[in-house]
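In what follows, a single structure is set out as structure tokens and then discussed.
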Amino acid sequence: EQPTAPPATTTEVGPARSLRVLLVEDNATNRLLTERQLARLGHVLTSVASGEAGIRAALDDDGAEPFDLVLMDRHLPDIDGCEATRCIRAGLPDGRPYLPILAVTADATPEARDTCTAAGMDEVLTKPVDLARLSAALDRAAGMISRTASGGAARSVGDAGAWQPSALDTIVRSSDGDMYAAAELISTYLGGLP
């Protein structure tokens, strides 16, 4: 008898959906690493090297399919990633699907995390980002996109796996642990801002 080859098996599972990712990163080595990681995970990457270019790319509506999410470096040569994020959030047209923006930074301090989330970033990844952490973050972002596509909230205040800034913990405690009261308090505060 002729020996037969064992059936082919795969150990890696591709994403449920291929995402269109915009990377805003000024360092060429980091861009290359992220490009390889996203290709391995089955996602499509477009990268730019400055905050201004990131804003233009995220908001550009040239008839192409919009980006599903943005990976934003915090320290950029022209404007920083936090300011670029604020510009993107302010410039997104009504009716556009939610656009998760994930910070990618070497600054791992709690203050840096608070600054990033206050600017409108959904999650903070610290460099160097390994493949498993990047994959998990992209899965969480895809969950945000699918929740908003089905009419749900972009973020759940009580998501167990989501990082929450210390200010949110303080607000929840001051609301006697009631997440809905805390959400209402935050929403009222943000609604009163100019």
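The values are calculated or read from the model by the stated rules, or taken from the named source; none is laboratory data. Since we're looking at a predicted model, the values are computed, not measured. Here the Cβ positions follow ideal geometry from the backbone for every residue, glycine too, while neighbour counts run over all protein chains shown. Remember, those area values only see protein heavy atoms, side chains included, never the ligands or the DNA or RNA. Shrake-Rupley method; radii C 1.70, N 1.55, O 1.52, S 1.80 Å.
Structure summary
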| read-out | value |
| --- | --- |
| Mean separation of Cα contacts under 8 Å (6+ apart) over length of the stretch 65-104, as relative contact order % | 62 |
| Sequence-distant residues sharing a close amide H with L19 (under 5 Å, placed H) | V44 |
| Whole-Hz couplings from phi, Karplus 6.51/-1.76/1.60, listed for the stretch 95-108; x for Gly and Pro | x, 6, x, 4, 10, x, 10, 10, 6, 10, 8, 8, 7, 9 |
| Shape of the stretch 14-94, Cα gyration tensor, a/c cut at 1.5 | oblate |
| Distance in nm between pseudo-label sites at R56 and A28 (7 Å out along the Cβ direction from Cα) | 2.0 |
| I186-T109 FRET efficiency (beta carbon distance; Förster radius 35 Å; 0.05 resolution) | 0.95 |
| Projected area averaged over orientations for the stretch 72-118, convex hull of C-alpha atoms, nm² | 3.5 |
| Solvent-accessible surface ranking, highest first, for E111, E83, E25 at 1.4 angstrom | E111, E83, E25 |
| Local electrostatic count at L45 - Lys and Arg +1, Asp and Glu -1, tallied over other residues with Cβ under 13 Å | +1 |
